[in-house]
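This report concerns only the one structure given below.
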Amino acid sequence: MGSSEMTEDKFIKLANDCKPAIFNFEIEEIGLQVETYDDCSIKKTVTSLSADEPIEIVDLFFEKSMFCTYSENNFDEEYLSTLTTGIDYCDGELKENIILILALTEE
């Protein structure tokens, strides 16, 4: 891909401009793909999990997505470092499963 390879900085600039872009990265052995759209929304999808994860966790997260909205020039870089950043502005199966797991771990 050479110079056209998507970097975090390039992705954040495109996201702030509400331009379509795709960025793949990992957070603590969780593979993620974040895709931005021209309406200032993103789709965050879990693309891989650690081989050590129990099947129950894999079933809850693997290939699950959530859609989130943000304001132009106000893309939160934390979207790229945590699963829960901006979750109040998101909808989808991934969000529901994250909330479920957070509730279970708080008991």
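Just so you know, all these numbers are worked out from the coordinates, no wet-lab data involved. What you see is a predicted model; the values in this text were computed from it and never measured. Because the Cβ atoms are built from the backbone with ideal geometry, glycine has one as well, and the counts that use them run over all protein chains shown.
Assorted remarks:
- Region 69-91, subset crowded, with 16+ Cβ neighbours inside 10 Å and out of contact with any Asp or Glu (no Cβ under 8 Å at 6 or more places or on another chain), residue nearest to E29 (Cα to Cα): L83
- Filter pass, D88 being under 29 Å from K13 (Cβ atoms) and out of contact with any helix residue (DSSP H, G or I) (no Cβ under 7 Å at 6 or more places or on another chain): yes
- Taking region 27-76 as the range and being assigned to a loop (DSSP other than H, G, I, E, B), within 15 Å of D91 (Cα to Cα) and of a type in the set (A, V, I, L, M, F, W, C) as the test, only C40 passes.
- Among residues of region 61-80 that are free of Cβ contacts under 8 Å to residues at least 40 places away in the same chain, those with a Cβ under 6 angstrom from a residue that is assigned to a loop (DSSP other than H, G, I, E, B) and polar (S, T, N, Q), sequence gap 6+ or separate chain, pair up as D76/T85; E78/T85.
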